[in-house]
1. What whole-number value in Å² describes the accessible area per residue of region 73-147 for a 1.4 Å probe?
2. What does the charge count near Gly100 come to, summing +1 for each Lys or Arg and -1 for each Asp or Glu among other residues with Cβ under 13 Å from its Cβ?
3. Mind scanning Lys86/Lys118; Lys86/Lys176; Lys86/Lys157; Lys118/Lys163 and naming the pairs with a C-alpha gap bigger than 21 Å?
4. To the nearest 10 square angstrom, how much accessible area does His140 have with a 1.4 angstrom probe?
5. Using a 1.4 Å probe and ignoring any ligands, DNA or RNA, find the accessible area of Ser150 and quote it in Å² to the nearest 10.
6. Given H placed on each backbone N at 1.01 Å, which residues far from Met160 in sequence or on other chains put an amide H within less than 5 Å of it?
7. Per 0.36 nm of contour for each residue apart, how much would the distance between Asn91 and Asp116 grow if the chain were fully extended, relative to their Cα-Cα spacing?
8. What part of the accessible area of region 114-206, given as a whole %, is carbon or sulfur when the probe is 1.4 angstrom?
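The values are calculated or read from the model by the stated rules, or taken from the named source; none is laboratory data. Fair warning: this is a prediction, and the values are worked out from it, not measured in the lab. A quick note on method: Cβ atoms are made from the backbone with ideal geometry, for glycine too, and the neighbour counts reach across all protein chains shown. To get the accessible areas, we keep the full protein, side chains included, count just its heavy atoms, and leave off ligands, DNA and RNA. Shrake-Rupley method; radii C 1.70, N 1.55, O 1.52, S 1.80 Å.
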Amino acid sequence: MKKWYYLMMMLALALVLTACGGNSSNQEESGSENNSTMENTEEDATNEGTADEGTKEEEAAEMAMVTLKDAEGNEVGTAEITEENKGVTINLQTSDLPEGTHGFHIHETGKCEAPDFKSAGGHFNPADVSHGTETEDGPHAGDMENLEVSADGTVDKEIMNEKVTLAEGEDNSLLKEGGTALVIHAGADDMESQPSGDAGDRIACGVIEK
Ligand code: ZN
């Protein structure tokens, strides 16, 4: 009878051990569940990282704003600059400007000190070429077609400039260190005279800002 007793004890023990083994393997499973939960968390973090990159892409495709003022400090226009696949679009709206043809450029320094706006420097020219579309090695990145101001003093125009970008860090970035500015001149740009098309005085200026 003792033999049977021991045998039963052994069986019971074996069952307990198996049960324990089962438990421990369950724990391992739940442990691995925890691991996979952590992996998921890591994946979430990675996804967040991707989302951040997406946001950066949006930032690169963002806009810049310009408020143009005349020599007396009166606001005479605004421009909304939008990054495109190639270059930028400048959406320009002005008022109270003298009727006629006026040179319109991006200048190399983001500083507009009235009344002469010479603080804006020369034309934005990162490629170091000549001024004007009619010159052999031109134009400047900041050269754009003349504005036609109507009799009521307004301009409402969308201008493409494929030679510049809002992407910071690029040589031709409008948001470079020191900034850039939009300038409207008193006269027409002849697109060939150096260094600025003989367009006369600067009558309005606005810093290009994010
Ligand atoms: Zn120029």
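1. Solvent-accessible surface per residue comes out at 46 Å².
2. Computed value for this residue: -4.
3. Lys86/Lys118; Lys118/Lys163
4. Counting only protein heavy atoms, the figure is 10 Å².
5. Its heavy atoms expose roughly 50 Å² to the probe.
6. It is Ile90, by chain and number.
7. Gain in length upon complete extension: 6.6 nm.
8. Of the solvent-accessible surface of region 114-206, carbon and sulfur hold 42 percent.
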